[in-house]
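First comes the structure, then the notes that go with it.
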Amino acid sequence: MQQPFHHLARGVFIADKKVLLAKAKGYTNSFLPGGHIEFGESAKDALKREVGEELGINCTVGRFLGVVEHKWEKDGVLHCEINQVFEVTSNELANNTNPKSIESHLDFFWCKGEDLDDSALQPFLFRNLIKNYLSGNEDVWWESSLNYEIDEANRN
């Protein structure tokens, strides 16, 4: 059996020291906006497409922030992913209200940096990276949970 591999483009929208997160209805974990990169598609183009599909807005994909590798197990199957992460802006988002998703299975919400653990942001490695980013750290991100035990890699 082929192991599932996910190549993802993720965006970090920041407003008033809050980051925009998404959550699939019925699940506890949250994640950064974005999604799968199609074969032959650039990460930046994938991110623009995914934001359009999820939120119905245009966005500008800015500076490359880094890469986060992650693994998790679902129904006994190991999944691995690579997240390419970028700064993203849009003048079509209001920073004082949660944006409405145009995909019925998703909700979006603004989250303060200190609340990222409570929001169960996954991959969990994003939590400290985003907190540091909000504090002005401009180091390129490179983190991996591939050497962690599965339970530790999926911590809430």
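The figures follow:
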{"item": "From 89, 60, 28, residue being more than 21 Å from residue 117 (Cα to Cα), in contact (Cβ under 8 Å) with a residue 60 or more places away in the chain and of a type in the set (S, T, N, Q)", "result": "89"}
{"item": "Out of 96, 156, 147, sole residue that is assigned to a loop (DSSP other than H, G, I, E, B), at pLDDT below 95, out of contact with any Leu (no Cβ under 8 Å at 6 or more places or on another chain) and closer than 28 Å to residue 49 by Cβ", "result": "96"}
{"item": "Residues satisfying the stated conditions in the range 24-39, i.e. farther than 22 Å from residue 132 by Cα and open to solvent by less than 80 Å² (accessible area, probe 1.4 Å)", "result": "24, 35, 37"}
{"item": "Residue check for residue 83: under 26 Å from residue 26 (Cβ atoms), assigned to a strand (DSSP E or B) and not hydrophobic (A, V, I, L, M, F, W, C)", "result": "yes"}
{"item": "Count of the range 58-77 residues which are touching a helix residue (DSSP H, G or I) at 6+ places or on another chain (Cβ under 8 Å) and part of a strand (DSSP E or B)", "result": "8"}
{"item": "Residue among 116, 78, 65, 55 that is among the aliphatic types (A, V, I, L, M) and open to solvent by 50 Å² or more (accessible area, probe 1.4 Å)", "result": "78"}
{"item": "Test: residue in the range 11-23 that is modelled with pLDDT of 95 or more and not in a strand (DSSP E or B)", "result": "yes"}
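The values are calculated or read from the model by the stated rules, or taken from the named source; none is laboratory data. In this text, all values refer to a predicted model and were calculated from it rather than measured experimentally. Note that each Cβ is placed from the backbone with ideal geometry, even for glycine, and that neighbours are counted across all protein chains shown. These area figures cover heavy atoms from the full protein model, side chains too; ligands, DNA and RNA do not enter into them. Shrake-Rupley method; radii C 1.70, N 1.55, O 1.52, S 1.80 Å.
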